[in-house]
Amino acid sequence: MKKRRRIYEGKAKILYEGPEPGTLVQFFKDDATAYNKQKHDIIDGKGVLNNRISEHIFQSMTKIGIPNHFIRRMNMREQLIKEVEIIPVEVIVRNIAAGTLCQRLGLTEGEVLPRSIIEFCYKKDELNDPLVAEEHITAFGWASPQEIDDIMALAIRVNDFLSGLFLGIGIQLVDFKIELGRHWENDAMRIIVADEISPDSCRLWDIKTQEKMDKDRFRRDLGGLVDAYKEVANRLGIMQESEPPRGKGPVLVSDNDKAKD
Ligand code: CDP
């Protein structure tokens, strides 16, 4: 088999050259990292689950017109994506206080925020992805003011869509991170959602039990990460194909049914 050129290796994913120009292959690893790689582990099956969950979310976004990089899933761990120029800013949207927001502002985890809050972090591992303001983004040329407007509009659409999607399956969307990229079609450029959206990049709490169903299970040594991700996948109605085939089995026929024959 022809060896593919590796373009980039991140903490949880590898990008390879795609089969056609303008495409890449995104491979989901089983690696879990937190606190900028200070904590690292291999969690069997995580990559497969994130590939499927992210596929489902990106495909649904395409259906409702949220532009994104997803083309198709290739196999259990890989998806074909559009090549973009990644904007070096992570966009975090928060609905409920958690994580670093609580530490920074002294909020109690679980407080519902007065409104959804959008934050920007500069993508720079060496600096621990510091929080930055729009001023930094425009002054250093990471994105233009018009692009920031587009990014914020996209982030709000993704938040509305994801909040509804998860609410429908009994899960609260606490916060999430997205990455965006510039994509050229002929001579026109537009900003589209890139990277992944999965329990690695979202905080997801079960509405009834408030149990965490996301990467905090790893960050906080709670265990049961794969089971939690599986539960998210099951509630989304995906992953069925790996279940054993369901035979019809014997069916009880009641006297009423017989009468209808
Ligand atoms: O996750 P952590 O407490 O380090 O940071 P946060 O700013 O509270 O994270 C907000 C949301 O963005 C969480 O859902 C994180 O999982 C996600 N995030 C991410 O996926 N990647 C990062 N580099 C930072 C945050």
*Among all residue pairs at least 6 apart or on different chains, which show Cβ distances below 8 Å where the first residue, located in segment 202-231, is within 18 Å of G170 (Cα to Cα) and more than 16 Å from the ligand (Cβ to nearest atom) and the second is hydrophobic (A, V, I, L, M, F, W, C) and in a strand (DSSP E or B)?*
I207/I171
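Residues checked against (1) in a loop (DSSP other than H, G, I, E, B); (2) more than 19 Å from W184 (Cβ to Cβ); (3) in contact with a strand residue (DSSP E or B) (Cβ under 9 Å, 6 or more places away or on another chain):
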residue: Q59; (1), (2), (3): no, yes, yes
residue: T62; (1), (2), (3): no, no, yes
residue: I66; (1), (2), (3): yes, no, yes
residue: R72; (1), (2), (3): no, yes, yes
residue: I81; (1), (2), (3): no, no, yes
residue: I87; (1), (2), (3): no, no, yes
residue: V91; (1), (2), (3): no, yes, yes
residue: R94; (1), (2), (3): no, yes, yes
residue: C102; (1), (2), (3): no, yes, no
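For the structure I just gave you, tell me whether G164 is surrounded by fewer than 17 Cβ atoms within 10 Å (Cβ to Cβ) and farther than 18 Å from I64 by Cβ. It would help to see each step written out before you state the result.
On the way: surrounded by fewer than 17 Cβ atoms within 10 Å (Cβ to Cβ): yes; farther than 18 Å from I64 by Cβ: no.
It is false that G164 is surrounded by fewer than 17 Cβ atoms within 10 Å (Cβ to Cβ) and farther than 18 Å from I64 by Cβ.
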*Go through the residues of segment 35-46 one by one and say whether even a single one is farther than 16 Å from K230 by Cα, surrounded by 14 or more Cβ atoms within 10 Å (Cβ to Cβ) and not small (G, A, S).*
no
*Residue check: is D195 buried (at least 17 other Cβ atoms within 10 Å of the Cβ), within 11 Å of the ligand (Cβ to nearest atom), touching a residue at least 12 places away in the same chain (Cβ under 8 Å) and farther than 30 Å from S144 by Cα?*
no
_Only listed residue being in contact with a helix residue (DSSP H, G or I) (Cβ under 9 Å, 6 or more places away or on another chain), farther than 23 Å from L173 by Cβ and away from the ligand (no atom under 16 Å from the Cβ), chosen from N68, N75_ = N75
*Got a number for residues in segment 82-103 being more than 9 Å from the ligand (Cβ to nearest atom) and among the hydroxyl-bearing types (S, T, Y)?*
0
*asked:* Being free of Cβ contacts under 8 Å to residues at least 12 places away in the same chain, more than 20 Å from L80 (Cα to Cα) and among the charged types (D, E, K, R) is the filter here; which residues of segment 160-192 pass it?
replied: D160, D187
*Would you call V174 within 13 Å of the ligand (Cβ to nearest atom), within 20 Å of H69 (Cβ to Cβ) and modelled with pLDDT of 95 or more?*
no
*When the residues of segment 108-167 are filtered to those that are over 20 Å from V193 (Cα atoms), within 16 Å of the ligand (Cβ to nearest atom) and part of a helix (DSSP H, G or I), which remaining residue is nearest to the chain's Cα centre (by Cα)?*
D125
*Do we have I86 as surrounded by fewer than 18 Cβ atoms within 10 Å (Cβ to Cβ), touching a residue at least 40 places away in the same chain (Cβ under 8 Å) and not acidic (D, E) here?*
yes
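The values are calculated or read from the model by the stated rules, or taken from the named source; none is laboratory data. Keep in mind it's a predicted model, so treat the numbers as computed, not measured. Heads up, the Cβs are rebuilt from the backbone with ideal geometry, glycines too, and the neighbour counts pull from every protein chain shown.
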